[in-house]
1. Out of Ala153, Ala214, Ala204, Ala186, I need the residue that is closer than 19 Å to Cys2 by Cβ, assigned to a helix (DSSP H, G or I) and either at pLDDT 90 or above or open to solvent by less than 70 Å² (accessible area, probe 1.4 Å) (or both). Which one?
2. Can you list residue pairs whose Cβ atoms sit under 8 Å apart, with the first residue in region 75-93 being closer than 12 Å to Tyr232 by Cα and the second being among the acidic types (Asp, Glu)? Count only pairs 6 or more apart in sequence or on different chains.
3. Restrict the check to region 129-145 and report whether at least one residue is exposed (fewer than 14 other Cβ atoms within 10 Å of the Cβ), assigned to a helix (DSSP H, G or I) and either under 18 Å from the mean Cα position of the chain (by Cα) or among the aliphatic types (A, V, I, L, M) (or both).
4. Considering each of Phe195, Phe237 in turn, give the residue that is closer than 20 Å to Gly147 by Cβ and out of contact with any Lys or Arg (no Cβ under 9 Å at 6 or more places or on another chain).
5. Does Phe174 fit the bill of being open to solvent by less than 40 Å² (accessible area, probe 1.4 Å), part of a helix (DSSP H, G or I) and of a type in the set (Phe, Trp, Tyr)?
6. Do you know which of the residues in region 1-33 that are aliphatic (A, V, I, L, M) and over 17 Å from the mean Cα position of the chain (by Cα) is least open to solvent (accessible area, probe 1.4 Å)?
7. Tell me the helices (runs of 4 or more DSSP H) entirely within region 53-122 that contain at least 3 residues that are closer than 30 Å to Ser20 by Cα and among the aromatic types (Phe, Trp, Tyr).
8. Considering only residues that are open to solvent by less than 70 Å² (accessible area, probe 1.4 Å) and polar (S, T, N, Q), look in region 35-74 and name the one that is farthest from Pro95 (Cα to Cα).
Amino acid sequence: MCILTAAFFFALMTVFVRKSGNLPTMQKAFFRNAVAMVIASVMLVKNREDIKIDKKAVPSLAMRCLFGTSGLICNFYAIDHLNISDANMLNKLSPFFAIIMSVFIIGEVASSFEWGMVLLAFVGALFVAKPQFNSDAIPALLGLYGGFGAGTAYTFVRKLGKYAVKSDLIVFCFSAFSCIVTLPFAIFDYKHMTFLQILLLVVAGSCAAIAQFAITTAYKLAPAKEISVYDYFQVIFAAILGFAFLNQIPDIFSIIGYIIIITSAILKWRHGLKDSQNTN
């Protein structure tokens, strides 16, 4: 229930971001992260978290912030220029990018089966992105990088687990870093917002925060290999919400891509469960 809640609110966030209108991507990203930073700050004060960080963890925390921020900005750009279900699906390639980056960041070597699932997922991504050698491909390519940035950031989060860095502190550092990066762009390329646009972006940030806490709770209650596949319901929620509120209908190539990527995720999930049972 927690991970389904997270999937729904992440999808809802993309709707509010899109409904906020023709605003600069950096401006939208700043407001989304500002709300998350405020909520994370409240959680740190409420829980009286120790803000000391092991010096050895600083490089990994910096990389988590860098890749997470760049991935989020690209994802927001994709949300504004693609069907929100397409943008969500490209972002959901993050677990497969995490498999690749884990080799370089934490030295985890994937099995041949997992590499096969990565390849299958990228075939699905080609159907969603429908690459063309012109400017129309830019939103899809940036959406693809959004998934890469998120997957790399999650890998660094796993590495931070070795240093016992608290989740609230990681969220705060990421949100604060994102605000620092996007604020200059938001100021110099500022576009006047109506009260409704401000409200929509605040709600989008709140939805993202709810989703973040829900998914964190989910992974505390159950192993990732057992529940991660349910995160793909975000794409289904996004498709329904996109049709209901934005009159968006995915084309046949996108639907084929969804099926391929979700199938690869399910196969990877079942393979992980089987390996766990054999080990036990």
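The values are calculated or read from the model by the stated rules, or taken from the named source; none is laboratory data. Because the structure is predicted, anything quoted here is derived from the model rather than measured. Positions of Cβ are backbone-derived with ideal geometry, glycine not excepted, and every protein chain shown enters the neighbour counts. Note: areas computed on protein heavy atoms with side chains; ligands, DNA, RNA excluded. Shrake-Rupley method; radii C 1.70, N 1.55, O 1.52, S 1.80 Å.
1. Checking each option against the conditions leaves just Ala214.
2. Lys92/Asp231
3. Looking through region 129-145, at least one residue is exposed (fewer than 14 other Cβ atoms within 10 Å of the Cβ), assigned to a helix (DSSP H, G or I) and either under 18 Å from the mean Cα position of the chain (by Cα) or among the aliphatic types (A, V, I, L, M) (or both).
4. Within the list Phe195, Phe237, the selection yields Phe237.
5. Yes, satisfied.
6. The qualifying residue least open to solvent (accessible area, probe 1.4 Å) is Leu23.
7. Because the criterion is at least 3 residues that are closer than 30 Å to Ser20 by Cα and among the aromatic types (Phe, Trp, Tyr), the helices (runs of 4 or more DSSP H) in region 53-122 that meet it are 58-81.
8. Of everything passing the filter in region 35-74, Ser41 is farthest from Pro95 (Cα to Cα).
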